[in-house]
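Novice: Handing you this structure, nothing more for now.
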2 protein chains.
Amino acid sequence: MATTRPVDASRRSGRARSAIHRAALDLTTEVGFTNVTVEAIAARAGVGKQTIYRWWSSKGAVVFDALLAANENAAGTLDLPDTGDVVADLRGVLRTMVAELAEPANDRLQRAVTAEIQHDRALAGEVVERLLRPQVDAIVARLRRAQEVGQLPPAADPAIVAELLIGPVFHRWLLRTGPLDPAFADSVVDHTVGTPGLGSADSAAV
Amino acid sequence: MATTRPVDASRRSGRARSAIHRAALDLTTEVGFTNVTVEAIAARAGVGKQTIYRWWSSKGAVVFDALLAANENAAGTLDLPDTGDVVADLRGVLRTMVAELAEPANDRLQRAVTAEIQHDRALAGEVVERLLRPQVDAIVARLRRAQEVGQLPPAADPAIVAELLIGPVFHRWLLRTGPLDPAFADSVVDHTVGTPGLGSADSAAV
């Protein structure tokens, strides 16, 4: 029979997707999002252009999906540590976030995505659901545990506190208004949950 | 004599600039940044295309400059009130900021600019210097006065506190993660300078 078994087709299509994802990320890093073409991604991935268009509507969609898939593969890092010290734990999270945004290849990729989602609302929704939401949820969960043990005032809203932690980091990155270094990460955490009276009593003030 | 006096030329060029600025803003609002062309701006402003290219290098540059000029014309609003209550004053500032970002025409314009500055670093620098810095400076100045009268702990860094106020607002706007309403503005202020122990003693907790 000329037909292949579904399991083979599915395995082959999984391999093609991975190759396309990798090609899209590599090319975006190498030549910048503006200069990437669907043709170049197809050539690098060793597939036909029509294979890409069968799964994605545009260059933006494929680069974006590649970024999301890469992030989901790294999703194991989203389980926030709970050492009992919310300030120390969140400093770790924000230091990682800041370091990732400062890394040149990732910076270029994220800027390409950020430009794209300004005029593509569906992609923006995907960024939020697949990229941002898991991070925010993990932070909120950690803040709730801190609240239960009295390291965050009962009146504080963990969802807003999470925005106070993430917002300044992305804003500084977006507009390049200052260094993205561990000192900045620590300072944001200390001013949000570490200042005496708002955060844990045993953490030092700024 | 065939030449005009310099003062006339300068007045005429000022009028042309204003017309170009207005045309650039109106067209961006009407058809979106992607669909605006330098030709259309020139036609709407009643000038030749070459007049625009004499002053600006690209569509992005002219739309952007128009936005900045409009903002500078409204710069009188940057003097923050000092009613003696830093929470009330900052709630006012953030409510205005949130309302401006939520306004549809301004939202579209700001998204066009945000997309543009992801790959144009010089324009990004101009946004920061001409658009963001005056707002941040005004907030920092207000926070310093609050610190002098004991409404902000001596250990707090007003520059970081300003980022905690502005960052979450822009991040929520950028990714559309929640409503941009007065309740959100108030909540950000209350969690940053209004929570007991961190902000003024006489302001209510969230």
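Novice: When we measure straight from the Cα of A:Lys49, which lysines land under 16 angstrom away, once same-chain ones fewer than 8 places off are left out?
Specialist: Excluding near neighbours in sequence, the set is A:Lys59.
Novice: Next up: Are there residues in region A:150-180 whose accessible area shrinks by at least 40 Å² when all protein chains are included rather than the chain by itself, and which are they (probe 1.4 Å, ligands and nucleic acids not counted)?
Specialist: Buried by 40 Å² or more upon assembly, which counts only protein chains, are A:Ala155, A:Ile160, A:Glu163, A:Leu164, A:Pro168, A:His171, A:Leu174, A:Leu175, A:Arg176, A:Thr177.
Novice: Taking the Cα centroid of region B:1-71 and of region B:103-143, what is the distance between the two, rounded to the nearest whole Å?
Specialist: What the calculation gives is 20 Å, centre to centre.
Novice: Using 0.36 nm per residue of separation minus the Cα-Cα distance, give me the extension gain between A:Ala102 and A:Arg11 in nm, one decimal.
Specialist: Contour length minus Cα-Cα distance gives 29.2 nm.
Novice: So the label point sits 7 Å from Cα along the Cα-to-Cβ vector; using that for B:Gly178, what distances do you get to the other copies, in nanometres, sorted shortest first?
Specialist: With the label placed 7 Å along Cα→Cβ, B:Gly178 yields 2.2 nm.
Novice: Roughly to the nearest percent, how much of the accessible area of region B:84-130 is carbon and sulfur, given a 1.4 Å probe?
Specialist: 52 percent
Novice: For chain B, modelled as a Gaussian network with Cα springs under 10 Å, which listed residue fluctuates most, B:Asp82, B:Asp26, B:Asp107?
Specialist: B:Asp82
Novice: Here is a follow-up. Nearest 100 Å² is fine: what is the total accessible surface buried where chains A and B meet, probe 1.4 Å?
Specialist: 3500 Å²
Novice: Using just the helices of chain A, give the 222 nm mean residue ellipticity in deg cm²/dmol: DSSP H runs with n ≥ 4 each add -39,500 (n - 2.57), and the total is spread over all residues, rounded to 500.
Specialist: Roughly -21000 deg cm²/dmol at 222 nm, from the helical runs in chain A.
Novice: Inter-copy label distances at B:Tyr53, 7 Å along the Cα→beta-carbon direction, one decimal in nm, shortest first?
Specialist: 3.3
Novice: Taking chain A as a Gaussian network, where each spring joins two C-alpha atoms under 10 Å apart, which residue of A:Ala146, A:Ala19, A:Ala155 fluctuates the most?
Specialist: Top of the fluctuation ranking is A:Ala155.
Novice: For region A:86-153, what class follows from the C-alpha gyration tensor (a ≥ b ≥ c being the square roots of its eigenvalues): rounded when a/c is under 1.5, otherwise prolate if a/b is larger than b/c, else oblate?
Specialist: Judged from the Cα gyration tensor, region A:86-153 comes out oblate (a/c at least 1.5, b/c at or above a/b).
Novice: Report the residues of region B:27-61 in range of a label on B:Glu129: point 7 Å along Cα→C-beta, backbone N strictly under 17 Å from it.
Specialist: Counting only backbone N, you get B:56-57, B:61.
Novice: Rank B:His21, B:Ala105, B:Leu152 by how far each Cα sits towards the positive end of the charge dipole of chain B (+1 on Lys, Arg Cβ; -1 on Asp, Glu Cβ) and give me just the farthest.
Specialist: The one lying farthest along the dipole's positive direction is B:His21.
Novice: By Kyte-Doolittle mean hydropathy of at least 0.0 and Cα axial length of at least 15 Å, which whole DSSP H helices of chain B are selected?
Specialist: Qualifying helices: B:59-73, B:86-102, B:158-175.
Novice: How big is the convex hull of the Cα atoms of chain A, per residue, in Å³?
Specialist: Once divided by residue count, the hull of chain A is 136 Å³.
Novice: Name the residue, out of B:Ala70, B:Ala115, B:Ala102, whose mean-square fluctuation peaks in a Gaussian network model built on chain B with Cα pairs under 10 Å.
Specialist: Evaluated over chain B, the most mobile residue of the options is B:Ala115.
Novice: P(r) of the protein assembly as shown in 10 Å steps, Cα pairs, percent per bin?
Specialist: Answer for the protein assembly as shown: a P(r) of 4, 19, 27, 23, 15, 8, 3, 1, 0, 0 percent.
Novice: Heavy atoms of the protein only, probe of 1.4 Å, neighbouring chains included. What is the accessible area of A:Arg12 in Å², nearest 10?
Specialist: Surface accessible to solvent at A:Arg12 totals approximately 120 Å².
The values are calculated or read from the model by the stated rules, or taken from the named source; none is laboratory data. Please read all numbers here as calculations on a predicted model, not as lab measurements. When we count neighbours, we look across all protein chains shown, and the Cβ atoms used for this are built from the backbone with ideal geometry, even at glycine. For accessibility, only protein heavy atoms count, side chains too; no ligands or nucleic acids. Shrake-Rupley method; radii C 1.70, N 1.55, O 1.52, S 1.80 Å.
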